[in-house]
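Chemist: Just passing along the structure, written as structure tokens.
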Amino acid sequence: MNRIAEIKRKTKETDIYIKLNLDGTGDAKLDYPVGFMSHMLNTFARHGLFDIEVSAMGDLEVDQHHLVEDTGIVLGQCFAKALGDKKGIKRNGSCLFPMDECLARAAADLSGRPFLYFDGQLCGSPIISMPDAAAPSDFQTDVIEDFWQAFVSSCGCNLHLEVIRGRSDHHKIEAMFKAAARALRAACEYDERAKNIIPSTKGFLPGFDSPGVLV
């Protein structure tokens, strides 16, 4: 079974297309105008072994919030759609990820119930790119929480994401993306002992078409 989804979402603020293969090799094809976020999406794909294709544009003359948040919405929708009825998946996963001086932790449950706990320990200062970069763009670190909130709301997952310790905001954010990717990878994997079972005592786990999921 190919667990592949593609979604295009266009509003007056953003125009985003994402194609996702949950059972990929970590390949990322990214046409994304915010350099640091492109780096995080590439990292997410590689550590989750998700194949991701992203084409996005938005009102960056306003700020980065709309584009980054809406990217989280569409990526979460792709996860929910690709997972379908979630039959046979392990459902939850966790990861403790070290990155130099930083240690991040993620725990995910594909329960259909959206909830985010986020403690990134971010200082709030932007991450500065070099002015001679191909696409110079100082990154607004506060939008990272908005990205993950949008993701869990549209995916319908429970995600606890935190930095235990660290100094560099770059490392903190990157470690969180790596931890989240590996936690979600584990949650999406099939359970060989329960291939035809939906992992819930309720008998089903809400998916993409369920009430309350952002479309």
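Chemist: Considering only the range 195-208, state which residues are modelled with pLDDT under 80, out of contact with any strand residue (DSSP E or B) (no Cβ under 9 Å at 6 or more places or on another chain) and over 11 Å from residue 155 (Cα atoms).
Modeler: The answer is 203, 204.
Chemist: Return the pairs, sorted by first residue and then second, in which the second residue is surrounded by fewer than 15 Cβ atoms within 10 Å (Cβ to Cβ), the first residue lies in the range 18-38 and is free of Cβ contacts under 8 Å to residues at least 12 places away in the same chain, the beta carbons are less than 8 Å apart, and the residues are 6+ apart or on different chains.
Modeler: none
Chemist: Residues in the range 162-206 that are small (Gly, Ala, Ser) and open to solvent by less than 10 Å² (accessible area, probe 1.4 Å): how many?
Modeler: Qualifying residue count, the range 162-206: 6.
Chemist: Here is a further query. What are the residues in the range 135-161 that are in a strand (DSSP E or B) and open to solvent by 10 Å² or more (accessible area, probe 1.4 Å), if any?
Modeler: 158, 160
For every residue, the table says whether it meets (1) in contact with a Phe, Trp or Tyr (Cβ under 6 Å, 6 or more places away or on another chain); (2) in a strand (DSSP E or B).
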residue: 19; (1), (2): no, yes
residue: 55; (1), (2): yes, yes
residue: 62; (1), (2): no, no
residue: 72; (1), (2): yes, no
residue: 86; (1), (2): no, no
residue: 95; (1), (2): no, yes
residue: 98; (1), (2): no, yes
residue: 104; (1), (2): yes, yes
residue: 108; (1), (2): no, yes
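Chemist: Something else: Check off (1) among the hydroxyl-bearing types (Ser, Thr, Tyr); (2) open to solvent by less than 30 Å² (accessible area, probe 1.4 Å); (3) under 15 Å from the mean Cα position of the chain (by Cα) for residue 111 and give me the number that stays unchecked.
Modeler: Of the numbered conditions (1) among the hydroxyl-bearing types (Ser, Thr, Tyr); (2) open to solvent by less than 30 Å² (accessible area, probe 1.4 Å); (3) under 15 Å from the mean Cα position of the chain (by Cα), the odd one out for residue 111 is (3).
Chemist: Same structure again: Could you check the range 39-53 and list, in sequence order, the residues that are part of a helix (DSSP H, G or I) and more than 23 Å from residue 138 (Cα to Cα)?
Modeler: Residues satisfying the conditions are 46, 47, 48.
Chemist: Which residue is surrounded by the most Cβ atoms within 10 Å (Cβ to Cβ), if the candidates are limited to the range 21-38 and must be among the hydrophobic types (A, V, I, L, M, F, W, C) and in a helix (DSSP H, G or I)?
Modeler: 37
Matching residues to (1) open to solvent by 20 Å² or more (accessible area, probe 1.4 Å); (2) aromatic (Phe, Trp, Tyr); (3) within 19 Å of residue 150 (Cα to Cα):
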| site | (1), (2), (3) |
| --- | --- |
| 17 | yes, yes, yes |
| 40 | no, no, yes |
| 53 | yes, no, yes |
| 58 | yes, no, yes |
| 67 | no, no, yes |
| 72 | no, no, yes |
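Chemist: Right, something else. So, in the range 80-103, of the ones that are among the basic types (Lys, Arg) and touching a strand residue (DSSP E or B) at 6+ places or on another chain (Cβ under 7 Å), which residue ends up farthest from residue 205 (Cα to Cα)?
Modeler: Among those that are among the basic types (Lys, Arg) and touching a strand residue (DSSP E or B) at 6+ places or on another chain (Cβ under 7 Å), it is 81.
The values are calculated or read from the model by the stated rules, or taken from the named source; none is laboratory data. If you're wondering where the values come from, they're calculated on a predicted model, not measured in any experiment. Here the Cβ is made from the backbone with ideal geometry for all residues, glycine too, and neighbour counts use every protein chain on show. Quick note on the areas: whole protein, heavy atoms, side chains included, nothing else; ligands and nucleic acids left out. Shrake-Rupley method; radii C 1.70, N 1.55, O 1.52, S 1.80 Å.
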